[in-house]
Amino acid sequence: MPMIEIKGLRKRFGDLEVLKRIDLSVERGEVVVILGPSGSGKSTLLRCLNLLEPFEEGEILIEGKLIGYSVNGNGARLRNSESDNAKVREQVGMVFQSFNLFPHRTVVQNVMMGPVKVRGMAKAEADRLAGDLLEKVGLSEKADEYPARLSGGQQQRVAIARALAMEPQVMLFDEVTSALDPELVGEVLRVIRQLADEGMTMVIVTHEIHFARDVGDRVVFMDDGVIVEQGPPSQVLMEPDSPRLKLFLRRFQ
Ligand code: ADP
Ligand code: MG
């Protein structure tokens, strides 16, 4: 059974159809990298997967369990209650381009907040968990700093630790290195690579082609709301079939 199954997903913003019947399955432990031009629907797909966006048609299943579906073609609402949606968001962690850490909380407090507030974990236990996660992302010594005193790369690693603190089954990454200075990109990608090595199921939207080739089990190329081409990184990146993908890859040469 796939970890994630997306069937016939359609999403529109007003008259604009942004996702045009997307089908995508992700196996447990698989790392899927999504590439595509700006505006092709990558972020919207991740946001639907995390139930941050309602959609018009289709189904999303996590481990065979239906988590999101639309009421009908014009309802544009999820039938799920908000509390069901919140549970899904616990299972599916997401990290964005903007780190969105709480500025008036220390690093360790940022990481502890979810487990304590959402999962009802005891503070001492959450503190231990946060300590472990900060060690994992290489930031133990910054635990008591405030986010503003950290570099962008460090803040993004805190954001990853914060998502992991919910102990999700799946992690979604949406261009998490795009806002970083080039010299800070590597430290964030290393953390994601380590998660891949540990077997985390991940869907990663990125423009880092080398990273896609190294870490992706599969590359999915989206354009204009459809999956144009997908397959092993070596095939998709080295021997693209479609003219659109060939054109897209040219910019990285
Ligand atoms: P990508 O992440 O691939 O750059 P997005 O998923 O962000 O693409 O956007 C896909 C399309 O949907 C774009 O045309 C974008 O302008 C449009 N879009 C995204 N979010 C909204 C929104 N909240 N309201 C209206 N249009 C949106
Ligand atoms: Mg985007």
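The values are calculated or read from the model by the stated rules, or taken from the named source; none is laboratory data. Just so you know, these numbers come straight off a predicted model, no measurement behind them. Heads up, the Cβs are rebuilt from the backbone with ideal geometry, glycines too, and the neighbour counts pull from every protein chain shown. Only protein heavy atoms, including side chains, enter the accessible area calculation; ligands, DNA and RNA are left aside. Shrake-Rupley method; radii C 1.70, N 1.55, O 1.52, S 1.80 Å.
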| query | Given VAL226, VAL191, VAL220, VAL236, which one is within 22 Å of GLN155 (Cβ to Cβ) and either modelled with pLDDT of 95 or more or among the small types (Gly, Ala, Ser) (or both)? | reply | VAL191
| Candidate set from segment 2-32 (those that are away from ligand 1 (no atom under 13 Å from the Cβ) and at positive phi); member that is most open to solvent (accessible area, probe 1.4 Å) | ARG21
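Yes/no matrix, rows are residues, columns are (1) open to solvent by 80 Å² or more (accessible area, probe 1.4 Å); (2) within 18 Å of the chain's Cα centre (by Cα):
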{"residue": "LYS87", "(1), (2)": "yes, yes"}
{"residue": "GLU90", "(1), (2)": "no, yes"}
{"residue": "THR106", "(1), (2)": "no, no"}
{"residue": "GLY120", "(1), (2)": "no, no"}
{"residue": "GLU125", "(1), (2)": "yes, no"}
{"residue": "ARG128", "(1), (2)": "yes, no"}
{"residue": "PRO147", "(1), (2)": "no, no"}
{"residue": "ARG157", "(1), (2)": "no, yes"}
{"residue": "ALA161", "(1), (2)": "no, yes"}
| What is the number of the single condition among (1) open to solvent by 10 Å² or more (accessible area, probe 1.4 Å); (2) over 21 Å from the mean Cα position of the chain (by Cα) that GLY152 does not meet? | (2)
| request: Could you tell me whether PRO168 is over 21 Å from GLU90 (Cα atoms) and open to solvent by 10 Å² or more (accessible area, probe 1.4 Å)? | output: no
| note | Reported set for segment 37-58 where residues are within 9 Å of ligand 2 (Cβ to nearest atom) and either assigned to a loop (DSSP other than H, G, I, E, B) or at positive phi (or both) is SER38, GLY39, SER40, GLY41
| task | Just need a number here: residues in segment 33-56 that are more than 28 Å from PHE252 (Cα to Cα), surrounded by fewer than 24 Cβ atoms within 10 Å (Cβ to Cβ) and within 10 Å of ligand 1 (Cβ to nearest atom). | result | 1
| Which residue, of GLN235, GLN169, GLN194, GLN155, is more than 16 Å from ligand 1 (Cβ to nearest atom), in contact with a Phe, Trp or Tyr (Cβ under 9 Å, 6 or more places away or on another chain) and farther than 17 Å from SER40 by Cβ? | GLN155
| field | Subset tally (residues that are open to solvent by less than 10 Å² (accessible area, probe 1.4 Å) and more than 16 Å from ligand 2 (Cβ to nearest atom)) for segment 171-190 | value | 2
| query | Can you tell me which residues in segment 199-232 are away from ligand 1 (no atom under 14 Å from the Cβ), in a strand (DSSP E or B) and charged (D, E, K, R)? | reply | ARG218, GLU229
| said: Need the failing condition index for LEU247 against (1) open to solvent by 100 Å² or more (accessible area, probe 1.4 Å); (2) within 15 Å of ligand 1 (Cβ to nearest atom); (3) hydrophobic (A, V, I, L, M, F, W, C), just the number. | reply: (2)
